[in-house]
1. Take R313 and tell me if it is within 22 Å of N187 (Cα to Cα) and not assigned by TED's automatic domain parsing to the domain that holds G108.
2. In segment 87-116, which residues are away from the ligand (no atom under 14 Å from the Cβ), touching a residue at least 24 places away in the same chain (Cβ under 8 Å) and not in a strand (DSSP E or B)?
3. Among the residues of segment 141-151, are any within 11 Å of the ligand (Cβ to nearest atom), crowded, with 23+ Cβ neighbours inside 10 Å, at pLDDT 95 or above and within 24 Å of L255 (Cβ to Cβ)?
4. Among the listed residues V67, V78, identify the single one that is assigned to a helix (DSSP H, G or I), surrounded by 22 or more Cβ atoms within 10 Å (Cβ to Cβ) and within 16 Å of the ligand (Cβ to nearest atom).
5. Do you know which residues across segment 155-181 are surrounded by fewer than 24 Cβ atoms within 10 Å (Cβ to Cβ) and within 12 Å of the ligand (Cβ to nearest atom)?
6. I'd like to check which helices (runs of 4 or more DSSP H) are fully inside segment 192-308 and have at least 2 residues that are crowded, with 24+ Cβ neighbours inside 10 Å.
7. Of the conditions (1) part of a helix (DSSP H, G or I); (2) under 26 Å from H60 (Cβ atoms), L148 satisfies every one except a single condition; which number is it?
8. Exactly one condition in (1) outside any helix (DSSP H, G or I); (2) in contact (Cβ under 8 Å) with a residue 60 or more places away in the chain is not met by L319; state its number.
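The values are calculated or read from the model by the stated rules, or taken from the named source; none is laboratory data. Worth saying up front: this structure is predicted, and the values here are computed from it rather than measured. All Cβ positions, even for glycine, are placed from backbone atoms using ideal geometry, and neighbour counts span all protein chains on display.
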Amino acid sequence: MTGFGTAAVHGDDGLVPGGSVAPPIVQSATFSAESDERFTEIATEARGTAFYTRYGNPNHAQVAAVVAELEGAETGLVTASGMGAISTVALALLAAGDHVVVQRSTYGGTTSLATGLLARFGVACTQVDQTDADAFGRALRPETRLVLVETPSNPLLELTDLAAVVATAHAAGALVVVDNTFATPVNQRPLDAGADLVWHSGTKFLGGHSDVSAGVVVGGADLIDRVWRTAIVTGATLGPVDAWLLLRGLRTLALRVQRHNANALALAGALEDHPAVVRVRYPGLPSHPQHALARRQMTGFGGVLGVELAAGRAGAAALLAGLRLAKRAASLGSVSTLVVHPRSMWAGIVDAEQLAAAGIGEGLVRVSTGIEDTDDLVADFRTALEAVPA
Ligand SMILES: *Cc1c(COP(=O)(O)O)cnc(C)c1O
């Protein structure tokens, strides 16, 4: 395989028409054909790019090719958001009577999908503690079709043992679908560990600039074709301009992720011993309970960390109020450092008891490091912490 920098820049070579170095934006909802025979052909070709944009567009194909190359996948497709990707995967591969296994600590939208929407359509679900690889095996049933994995998880930075879960799930005939949003392929390639599908919120690190909502799913052609057949029905179609922006972001993914990794590791190390901080959650720290697993299945530890303040909610509020570079915003994976207080962000969606049960404490702040200079970022947090009670 070529390196990530090369894959990000050249993964779509051959798919860019004409001599333009940057791909043109094909801002067309529909495409003409020279004959009826040709029209029949293009209307039935899976993930074709010359029929109707909901079915596929050249800008979609370029993004899919690049992400597939980065993840070591045969092929892929893009959707209008990360949730558009996972909901389409679920609707494509599940039917009433089936069962799915999902992690207790996972993106809120994935939890809602598995425990809410799918339940209404007769798909049962079991939630497991993903730090316990054996818990997945205990949850499997004869009718289990999918195991939904996310590692590191949002917002607790807990890891799932990919190789172990893949072996258990495959032995029981279930497919493993991995949300690789937090790690990015630069740090972790779940398909190499045997996973069947990998999906991303392209809104995060892949796009990288907080200016586009998008989703991507990659894997083997047979599975992706099944997902595509559902995608043209669910219609979570990414606009060509947004696909172009996502591709533009992807070109620098390898460079950005290096800086995200370095910033997160430096910040985690700098905050860990601060008297106002109880604990820093970051897979790259030797103090992370799953650090050994992180070293085994990740080549870098990502840009996101969790900081738990000794003074609880008041400590979190004081830290957020004192930061100058970091912006208080949902989302992650941006060029700019973004911070949130998960308990507040989800207060209206998930009740306090559930949040506490999920381990999301009042003092937890999620930090998604940007690509600012490391020293400036660490200084911003050190200064803000001066006003935080220990
Ligand atoms: C943001 C996010 C999603 C959802 O992606 P959208 O693009 O917002 O739909 C899924 N998983 C993880 C880990 C995320 O951070």
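1. Values: within 22 Å of N187 (Cα to Cα): no; not assigned by TED's automatic domain parsing to the domain that holds G108: yes.
The answer is no for R313.
2. Filtering segment 87-116 for residues away from the ligand (no atom under 14 Å from the Cβ) gives 91-101, 104, 115-116.
Narrowing the set further to residues that are touching a residue at least 24 places away in the same chain (Cβ under 8 Å) leaves 91-101, 104.
Scanning segment 87-116 gives L91, A92, L93, L94, A95, A96, G97, D98, R104.
3. Within segment 141-151, one or more residues are within 11 Å of the ligand (Cβ to nearest atom), crowded, with 23+ Cβ neighbours inside 10 Å, at pLDDT 95 or above and within 24 Å of L255 (Cβ to Cβ).
4. Details: V78 fails: assigned to a helix (DSSP H, G or I).
Just one listed residue meets the conditions, V67.
5. Passing the criteria: only L156.
6. Working: elements: 221-234, 240-250, 253-272, 291-297.
Because the criterion is at least 2 residues that are crowded, with 24+ Cβ neighbours inside 10 Å, the helices (runs of 4 or more DSSP H) in segment 192-308 that meet it are 221-234, 240-250, 253-272.
7. Of the numbered conditions (1) part of a helix (DSSP H, G or I); (2) under 26 Å from H60 (Cβ atoms), the odd one out for L148 is (1).
8. The number of the failed condition is (1).
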